[in-house]
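To start, the structure itself, in structure tokens.
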Amino acid sequence: MVGNALTDDYHDHLGVFQFMWSAGLISDQTYKLLSDHCNSESWIHTSSECDKILDVASNEVGNIDSYSIYTPSCTATGNGQFLNHFRRRFHSVARVGEKYDPCTEAHSTVYFNSPEVQKALHVNPAVAPTKWSTCSNKINGNWKDSSRSVLPIYKELIKEGLRIWMFSGDTDAVIPVTSTRYSIDALKLPTVSPFRAWYDDGQVGGWTQGYEGLTFVSVRGAGHEVPLHRPKLALALVKAFLSGSAMPNLSVQHADS
């Protein structure tokens with residue numbers, strides 16, 4: 001199972017910019033400029049020209065959580081601009097069942113920089129000054145062997161018969177559902193079960209489509225980290241995958257009740 005994952009630089013860029021525009025986050029002009037100047041860029045190492053347009057997009061998007069565009073952003077960390085989220089990757093954590101906390105990154109930064117935690121992790125600031133952060137811009141900037149696409153790996157694994165599910169929360173603007181769908185489309189797999197809604201407690205939980213060797217599932221109202229934003233729907237997703245069954249439809253839901 002792979003969720004809201006970076007897959008292919010071209011198709012991921014294509015999907016991000018289209019999602020931002022269709023969600024009303026950026027202007028028509030910025031959408032066109034992003035599509036013209038950034039689509040063919042490396043996801044990790046963008047050109048200075050593309051960066052300038054991303055700055056414009058960042059200002060237009062404003063202070064929102066780009067990993068979950070319809071939930072409140074963290075006011076404790078100040079500016080939550082799109083550009084910072086676009087260039088950095090992190091995984092927030094919370095207990096299942098608790099309300100989503102948009103400040104999980106801020107909490108983790110405080111936690112991992114506390115002397116007690118660093119001592120428990122055998123970090124020795126006496127040897128070298130140490131400050132923990134969710135992502136290292138130094139490492140990111142010097143990462144030279146990042147692949148532009150993992151689609152060939154998917155083709156290889158599908159050929160070997162590995163069961164693969166790609167799922168996507170549909171309120172994530174960093175690796176949105178549009179990016180995932182463009183990447184799947186690029187694999188040119190035959191459809192074996194048509195696009196349809198799936199259900200949880202009689203309500204639409206998302207949408208799904210089966211391909212030869214791969215299943216796509218979207219999770220309604222979930223951000224980048226599906227279990228964090230929609231734990232109950234995430235549980236239904238994991239159960240279906242582990243049992244080797246399709247996502248539940250409405251008739252199944254009624255039969256269960």
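The values are calculated or read from the model by the stated rules, or taken from the named source; none is laboratory data. Note that this is a predicted model, so its numbers are computed, not measured. Note that we place each Cβ from the backbone using ideal geometry, even for glycine, and neighbour counts take in every protein chain shown. All accessible areas refer to the heavy atoms of the entire protein, side chains included, with ligands and DNA or RNA removed. Shrake-Rupley method; radii C 1.70, N 1.55, O 1.52, S 1.80 Å.
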inquiry  = Filter the stretch 211-249 down to the residues that are open to solvent by 30 Å² or more (accessible area, probe 1.4 Å), assigned to a loop (DSSP other than H, G, I, E, B), closer than 21 Å to LEU6 by Cα and not charged (D, E, K, R) and list them by number.
reply    = GLY213
task = Select the helices (runs of 4 or more DSSP H) contained entirely in the stretch 1-71, then report the ones holding at least 1 residues which are closer than 12 Å to ILE175 by Cβ.
result = 9-22
message = Looking only at the stretch 129-182, how many residues end up being under 23 Å from HIS13 (Cβ atoms), open to solvent by 50 Å² or more (accessible area, probe 1.4 Å) and not in a loop (DSSP other than H, G, I, E, B)?
response = 7
Test: HIS91 is modelled with pLDDT of 55 or more, touching an Asp or Glu at 6+ places or on another chain (Cβ under 8 Å) and either assigned to a loop (DSSP other than H, G, I, E, B) or under 23 Å from ALA173 (Cα atoms) (or both) = no
ask   = Does ASN124 fit the bill of being at pLDDT below 80, part of a helix (DSSP H, G or I) and out of contact with any helix residue (DSSP H, G or I) (no Cβ under 6 Å at 6 or more places or on another chain)?
value = no
query = When LEU25 is evaluated against the numbered criteria (1) modelled with pLDDT of 90 or more; (2) of a type outside the set (Gly, Ala, Ser); (3) out of contact with any helix residue (DSSP H, G or I) (no Cβ under 7 Å at 6 or more places or on another chain), which criterion, by number, is the only one it fails?
reply = (3)
ask   = Which is in contact (Cβ under 8 Å) with a residue 12 or more places away in the chain and surrounded by 17 or more Cβ atoms within 10 Å (Cβ to Cβ), of THR208, THR191?
value = THR208
remark   = When every residue in the stretch 18-51 that is of a type in the set (S, T, N, Q) and closer than 18 Å to SER149 by Cβ is compared, the one surrounded by the most Cβ atoms within 10 Å (Cβ to Cβ) is THR46
remark   = Of ILE44, ILE69, ILE53, ILE26, the only residue that is more than 16 Å from HIS224 (Cα to Cα), among the aliphatic types (A, V, I, L, M) and touching a residue at least 60 places away in the same chain (Cβ under 8 Å) is ILE44
task = May I ask you to list the residues in the stretch 63-86 that are in contact with a helix residue (DSSP H, G or I) (Cβ under 7 Å, 6 or more places away or on another chain) and either of a type in the set (Phe, Trp, Tyr) or modelled with pLDDT under 90 (or both)?
result = TYR67, CYS74, ALA76, THR77, GLN81, PHE82, LEU83, PHE86
inquiry  = Which numbered condition in (1) farther than 28 Å from SER22 by Cα; (2) touching a residue at least 12 places away in the same chain (Cβ under 8 Å) is the only one that ASP145 fails?
reply    = (2)
